[in-house]
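Trainee: Pasting a structure below so you can have a look.
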Amino acid sequence: MKHKNVNGYLYKGETNTKVLTERMKFREYVEPIWGTYNQWIQNGRFVTYGENGTRLFGRNKSGRVKTFSVFNVIQTKEIN
């Protein structure tokens with residue numbers, strides 16, 4: 001399954017895609033669309049109170065490993 005972030009970019013890397021696939025199965029999410037808290041806010045949605053993010057790994061510009069949390073679209077609601 002191909003997982004996209006809220007801006008349409010595909011998540012890459014075996015570990016992150018495996019984590020997202022397993023989370024979708026465990027939580028029974030239907031849509032493979034993910035975003036950080038700030039990405040959802042920028043796209044007119046907010047993360048529902050009490051929701052827990054899924055931790056992923058990436059690298060910053062200096063090459064160091066960083067972690068960040070993403071939320072599935074099901075965990076968000078439209079800002080009125």
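Values in this text are rule-based calculations from the coordinates and carry no lab data. Note that this is a predicted model, so its numbers are computed, not measured. Heads up, the Cβs are rebuilt from the backbone with ideal geometry, glycines too, and the neighbour counts pull from every protein chain shown.
Trainee: Identify, please: which residue in segment 26-65 is surrounded by 10 or more Cβ atoms within 10 Å (Cβ to Cβ) and among the charged types (D, E, K, R) and is, among those, nearest to the chain's Cα centre (by Cα)?
Mentor: Arg55
Trainee: Now for a separate question. For segment 1-40, enumerate the residues that are in contact with a Gly (Cβ under 7 Å, 6 or more places away or on another chain) and part of a strand (DSSP E or B).
Mentor: The answer is Asn5, and nothing else.
Trainee: For segment 1-23, name all the residues that are closer than 24 Å to Ile79 by Cα and either surrounded by 12 or more Cβ atoms within 10 Å (Cβ to Cβ) or in contact with a strand residue (DSSP E or B) (Cβ under 7 Å, 6 or more places away or on another chain) (or both).
Mentor: His3, Lys4, Asn5, Val6
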